[in-house]
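Report on one structure; see the data block that follows.
The values are calculated or read from the model by the stated rules, or taken from the named source; none is laboratory data. Model, not experiment: these values are computed from the prediction. Cβ sites come from the backbone with ideal geometry, for glycine too, and all protein chains shown count toward neighbours. Note: accessible area is taken over every heavy atom of the protein model, side chains too, but ligands, DNA and RNA are not part of it. Shrake-Rupley method; radii C 1.70, N 1.55, O 1.52, S 1.80 Å.
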Amino acid sequence: MRRMFTAATAALTLTTAGTMLAGTPGQAAPTGWGRPVVTAAPQPGAPGLGDTYFPDYGNGGYDVEHYDVRLRYDPASDQLSGTTTILATATQDLSAFNLDFLLDVESVRVNGWAATTTTAGAHELVVTPARTVTRGQQLTIVVRYTGIPSETLVGGYTGWTRTDDGALAVNEPESAWWWFPSNDHPLDKATFDISVSVPTGVEVISNGVQPRPPAAEAGNRTRWIWRTTSPTAPYLAFLAIGQYDIVTETTPGGQPVVNAYSTSLGALGPAARASIERTAEIVDWESGIFGPYPFEAQGGVAGPVDGIGFALETQTRPVYGPGFWRRGANTYVVTHELAHQWFGDSVSVADWRNIWLNEGFASYAEWLWSEEQGEGTAQEVFDFAYASYPADDEFWQVLPGDPGAARIFDNAVYDRGAMTLHQLRLAVGDDAFFEILPAWTAEHRYGNGTIEQFQALAEQISGLDLDDLFTTWLFTAGRPDVATTARKATTAPTAPKSWVKISESHDLLSH
Ligand SMILES: [Zn+2]
């Protein structure tokens, strides 16, 4: 993926009272058994989840199960209005709690009672319920709102992309702020019902399946309805609104496939189709390596020519910018975004510092696809990638295991990240390596993971101490020595056939 609001960290202000809560929402601290019960006054929920890079992303004190996002959108004005109903459980006694949100809020109700709201920090909506919330209580939070997302700026930035014929809500790591209130961190996943009313003739594509066909509404409007029943991190929910040709199919395994192509693509359209229409085939191939596909639907969206310049692994249905098709079909970017369905979407980072768990793995999937397609073995891609960055290149100064908030999408996270996995594969052998990958996706399915947990699993399966390997490749500046490359040092490796597509994809995905 690609565009980022880096001012968030600089502008960080934690103005809401309360201490930072580390750990997973919903995992309340154990109570002291057999001790006298001490009743503390309810406190405000924390304004963030204590992420290393983005400490005010997400909120403490509650855990969301479901979002019902019901919107009305007008492409001509970019006016967005609607109601989001959030089903959540309080994980502490709460006098107030935060939602991450930017649009103008008309009202908030908590379990039917009108609540008061204020704003704080860069993107915090502080909700004070009429009645104190007790730990374990079920919450129904109804937020009514309106706004023009493309003109709603934080530090001069909007994650909402307005286009000639509609809009894209596609961004990482912040996208939800501009279209629905949320607990915006991968630690708090939920299911989604998303529906949008638009003028008839406009298409709306989102995550999951369509439980009903688009339904006509008064005023020559149509409501599009989407549902995703798998746990989803808020930033992986998306909207693509505009003029799209939609292609539906069913996989041999019975999964619905929904692909959509912006009509603005013109001459780029055939290359987009020749790439995205291979989604089911690539998912099937990846399932054989990474384990069972985790979700209920598949697909892809080829965005418009005036939309995004990157691609994003939006859950069940990645969205691709037009740049990937400028030199013909590119199945490498499709392989990359689909690999994220396992690495990033089903198994999400527990902290954004662990971004290697997403980008290193999705990039290595491309190397495996190169091998599968006969366009260069993973070893050949490794040799070329390694040699293409001289030892004094700035590239080697970025640590894939801890790149810093402003560099979570640095090229090093992708390319050195993939090199790290190749070194792991060489160290443990193919049998262990291809046992580690599906074990990881099974163990953390629909949850979160850390680099430390991945290393522990790799050590457990391989029986090897891998501390030197992980420290050298993920956490140490400088180009690591590699025996296999040193052996070939007299002749520069030639570029594998796949390299032109892999490198041009990474030019758009990373920065
Ligand atoms: Zn990626």
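A P(r) calculated from all alpha carbon pairs of the chain, with 20 Å bins opening at zero, reads 23, 55, 21, 1 percent. Quick check of the Kirkwood formula: for the range 267-315, what is the inverse mean of 1/r over all pairs of different Cα atoms, in Å? Value: 12.4 Å, from the Cα pair sum. Taking label positions 7 Å along the Cα-Cβ direction at both Thr471 and Arg327, the computed distance is 4.0 nm, reported to one decimal. Accessible-area rank, largest first, for Thr118, Thr84, Thr91: Thr118, Thr91, Thr84, with all protein chains present and a 1.4 angstrom probe. Computed 3J(HN,Hα) for the range 69-83, one whole-Hz value per residue from the Karplus formula 6.51 cos²θ - 1.76 cosθ + 1.60 where θ = phi - 60°, is 10, 10, 10, 10, 9, 10, x, 5, 10, 6, 7, 10, 9, x, 9, glycine and proline marked x.
Taking the empirical scaling 2.2 N^0.38 Å for compact globular proteins as reference, the range 246-343 has a Cα radius of gyration ratio of 1.00.
Placing R0 at 56 angstrom, the Cβ-Cβ distance between Thr85 and Ala427 gives a FRET efficiency of 0.70 after rounding to 0.05. As a ratio to 2.2 N^0.38 Å, the alpha-carbon radius of gyration for the range 88-136 is 1.12.
DSSP beta bridges in the chain, what fraction antiparallel, as a percent rounded to 5? Percent antiparallel among DSSP bridges in the chain is about 80. Taken per residue, the accessible surface of the range 342-478 reaches 32 Å², heavy atoms only and a 1.4 Å probe. Less than 5 angstrom separates the built amide H of Val347 from those of Tyr446, all sequence-distant by 5 or more or on a different chain.
Nonpolar atom fraction for the range 202-327, defined as the carbon and sulfur part of the 1.4 Å probe accessible area, stands at 53 percent. Would you mind estimating how fast the range 371-511 diffuses translationally, via Stokes-Einstein at 37 °C and 0.692 mPa s with the Kirkwood radius over Cα pairs, in µm²/s? For these conditions, the coefficient is 204 µm²/s.
Rolling a 1.4 Å probe over the heavy atoms of the protein chains gives the range 294-334 an accessible area of 18 Å² per residue. Each label point was placed 7 Å from the Cα along the Cα-to-Cβ direction; for Val305 and His66 their separation is 4.3 nm. Starting from a Cα-only point model with no solvent, please compute log10 I(q)/I(0) by Debye for the range 273-407 at q = 0.18 1/Å. At q = 0.18 Å⁻¹ the computed log10 ratios are -1.15.
Remark: relative contact order (the range 360-511) = 37 percent; criterion is Cα-Cα distance under 8 angstrom and separation of 6 or more residues. Taking amide H positions as modeled 1.01 Å from N, with prolines and chain starts lacking one, the residues under 5 Å from Tyr62 and 5 or more places away or on another chain are Thr91. About the centre of its Cα atoms, the chain shows a dipole size close to 1200 debye [charges on the beta carbon of Lys, Arg (+1) and Asp, Glu (-1) only; nearest 20 debye].
Just name one of Ile451, Leu168, His340: the one whose Cα is farthest towards the positive end of the charge dipole of the chain (beta-carbon charges, Lys/Arg +1, Asp/Glu -1). About the Cα centre, the residue reaching furthest to the positive side is Leu168. Amide hydrogen proximity for Val301: with H placed 1.01 Å from N in the peptide plane, the residues at 5 or more positions away or on another chain lying under 5 Å are Ala260, Val319, Tyr320. Between Glu394 and Glu151, the modelled labels are 3.7 nm apart [label points 7 Å from Cα along Cα→Cβ]. For the range 392-408, 3J(HN,Hα) computed residue by residue from phi via the Karplus equation (6.51, -1.76, 1.60; θ = phi - 60°) reads 8, 5, 3, 3, 7, 8, 8, 8, x, x, 6, x, x, 4, 7, 10, 5 Hz, glycine and proline entered as x. Note on the range 296-417: dipole from Cβ charges, positive end direction compared against Trp356, Gly300, Ala406; the farthest Cα belongs to Gly300.
If a spin label sat at a point 7 angstrom from the Cα of Phe434 along the line to its beta carbon, the backbone N atoms of the range 366-382 nearer than 16 Å would be those of 366-374, 377-379.
Multiplying each eigenvalue of the alpha-carbon gyration tensor of the range 211-251 by 5 and taking the square root yields semi-axes of 22, 15, 12 Å, largest first, rounded to whole angstroms.
Rolling a 1.4 Å probe over the protein heavy atoms gives the range 59-137 an accessible area of 38 Å² per residue. With the convex hull of the Cα atoms taken as the outline of the range 172-259, the averaged projected area works out to 6.6 nm². Rounded to whole numbers, the Karplus 3J(HN,Hα) couplings from phi for the range 107-119 are 6, 10, 10, 10, 6, x, 9, 4, 10, 9, 9, 9, 10 Hz, using 6.51 cos²θ - 1.76 cosθ + 1.60 with θ = phi - 60°, and x at Gly and Pro.
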